[in-house]
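Presented below is the structure to which this report refers.
The values are calculated or read from the model by the stated rules, or taken from the named source; none is laboratory data. Quick caveat, the model's predicted, so the values are computed rather than measured. For neighbour counting, all protein chains shown are included, and Cβ atoms are generated from backbone atoms with ideal geometry for every residue, glycine included.
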């Protein structure tokens with residue numbers, strides 16, 4: 001089977017590669033085209049209207065590659081643009097929020113879930129809505145952590161400054177009594193070791209990248225869209241701006257193999 | 001004199017308001033229109049080509065307001081786009097690099113100057129070039145400090161986490177033997193108290209905002225463009241994206257008065 005239709009994955013920048021990593025492990029025969037909007041990253045501090053406009057542009061660019069499904073590997077975009085994207089495109093659109101919320105509800109024993117993310121994700125209340133839609137009794141404590149992405153992009157994955165910032169952000173959630181914490185930003189799995197160290201063992205971490213990959217698999221199965229290929233699928237990475245120090249950080253931390261980065265001009 | 005031609009000031013975001021603050025103090029009768037590209041901030045990690053394209057778009061938008069001079073209140077843009085902007089527009093274009101370099105050379109006694117800024121500013125070598133163009137014997141130690149802008153935008157202006165990050169960035173420059181430090185990013189004056197505390201008294205801080213305001217005054221005088229108004233000039237602030245927590249941080253820290261924020265769509 002030559003030239004299979006790819007899964008299109010997009011993110012505001014490089015963080016969504018954590019989702020690609022999970023997809024590569026779970027669906028090794030699928031070809032993936034990834035588009036990171038490094039020319040306009042980060043989306044976290046931006047308004048919903050601006051994020052929606054950018055998301056439509058990126059999704060259109062991936063549809064030009066004949067994508068059979070769109071994966072929104074970004075919590076900020078998932079939190080404000082998923083209904084819009086689902087309406088505009090005929091292929092399945094999978095975000096990270098529903099999958100993360102479902103996994104959190106499976107993990108919690110005291111029905112008290114913490115959520116951390118960018119300012120835009122937390123302000124949207126998308127995780128609260130998704131959690132309460134399934135379990136109306138769940139308690140949710142959420143917190144925006146705007147410094148975590150810059151710290152990760154600086155490569156400070158194992159560093160006392162990062163630990164201090166994590167403590168400061170998470171202490172109020174621990175004091176609230178959460179027993180489960182959703183890492184509501186696709187960058188955050190790169191800090192899961194540091195976060196687990198600060199939290200201690202009693203708190204279950206819910207990784208939105210892992211759970212998103214599970215949801216993609218289920219969606220492809222439901223729509224009979226799984227690749228019939230027996231060889232390993234390809235991974236193509238395109239960015240809207242060439243310069244990004246964090247690409248090296250992510251490539252090393254995730255041990256992802258991809259060749260030449262394609263530079264895609266924005267419309 | 002009604003409807004005087006304004007000075008157009010632009011930045012990748014909100015940081016350039018430190019330049020506006022300095023301009024308001026030095027040139028109180030001038031009307032200023034400020035445009036911050038909060039929809040695409042930060043420019044620091046982006047490539048020179050992308051920053052140049054964005055800078056032209058912002059400058060065009062300010063020229064539509066009949067600006068008599070353009071002030072590039074952003075070190076990243078000044079470092080990669082000033083020749084281009086000077087070529088494209090007939091009004092004087094004033095950046096922050098030349099003024100900062102000149103002030104640093106006046107301040108240093110041991111001819112060893114430190115420069116801190118974003119990744120793009122430091123990578124461009126623009127300060128080194130400007131310093132060496134005047135004094136070929138000056139030594140320059142420079143360092144990119146990508147975490148300072150996020151820390152400032154979080155409002156952590158007086159905080160032990162910020163102090164630790166500053167120490168980590170500046171210790172190598174101190175060990176090199178600098179006696180003068182250029183704050184090569186318009187955000188950084190908001191950290192000048194913290195930086196001075198870490199550096200001690202022997203190091204002179206060169207504030208690019210202050211020196212840019214001096215350069216604007218000189219340029220307006222040279223071109224006979226000073227406002228004849230006797231009343232205080234107006235300040236109009238426009239942003240390309242509405243949501244920015246940092247606007248409140250800057251407004252408080254700088255004690256700047258401006259009315260309604262105008263939202264300007266990008267072309």
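Miscellaneous remarks
- In the condition set (1) crowded, with 21+ Cβ neighbours inside 10 Å; (2) out of contact with any strand residue (DSSP E or B) (no Cβ under 8 Å at 6 or more places or on another chain), residue B:155 is compliant with all but (1).
- Scoring residue B:150 on the criteria (1) away from every other protein chain (no Cβ under 14 Å); (2) without any contact (Cβ under 8 Å) to a residue 12 or more places away in the chain; (3) surrounded by 21 or more Cβ atoms within 10 Å (Cβ to Cβ) leaves a single failure, condition (1).
- Yes/no for residue A:23 being more than 12 Å from the chain's Cα centre (by Cα) and either touching a residue at least 12 places away in the same chain (Cβ under 8 Å) or closer than 30 Å to residue A:143 by Cα (or both): no
- Screening the candidates A:249, A:216 for the property of being under 18 Å from the mean Cα position of the chain (by Cα), within 14 Å of chain B (Cβ to nearest Cβ) and within 26 Å of residue A:115 (Cα to Cα) yields one hit, A:249.
- In segment B:227-246, of all residues being within 20 Å of residue B:54 (Cβ to Cβ) and within 14 Å of chain A (Cβ to nearest Cβ), the one that is surrounded by the fewest Cβ atoms within 10 Å (Cβ to Cβ) corresponds to B:242.
- Qualifying residue in segment B:124-132 (condition: assigned to a loop (DSSP other than H, G, I, E, B), touching a helix residue (DSSP H, G or I) at 6+ places or on another chain (Cβ under 8 Å) and at pLDDT below 95): no
- Qualifying residue in segment A:56-64 (condition: crowded, with 24+ Cβ neighbours inside 10 Å and closer than 24 Å to residue B:44 by Cα): yes
- Note on segment A:153-191: residues that are free of Cβ contacts under 8 Å to residues at least 24 places away in the same chain, over 16 Å from residue B:162 (Cβ atoms) and within 14 Å of chain B (Cβ to nearest Cβ) total 1.
- From the list B:104, B:55, the lone residue that is assigned by TED's automatic domain parsing to the domain that holds residue B:236, closer than 29 Å to residue B:141 by Cα and either without any contact (Cβ under 8 Å) to a residue 24 or more places away in the chain or under 18 Å from the mean Cα position of the chain (by Cα) (or both) is B:55.
- With respect to the conditions (1) at pLDDT 95 or above; (2) closer than 28 Å to residue B:257 by Cβ, residue B:12 lacks only one, and its number is (1).
- Filter result for residue A:194 (farther than 20 Å from residue A:70 by Cα and within 14 Å of chain B (Cβ to nearest Cβ)): no
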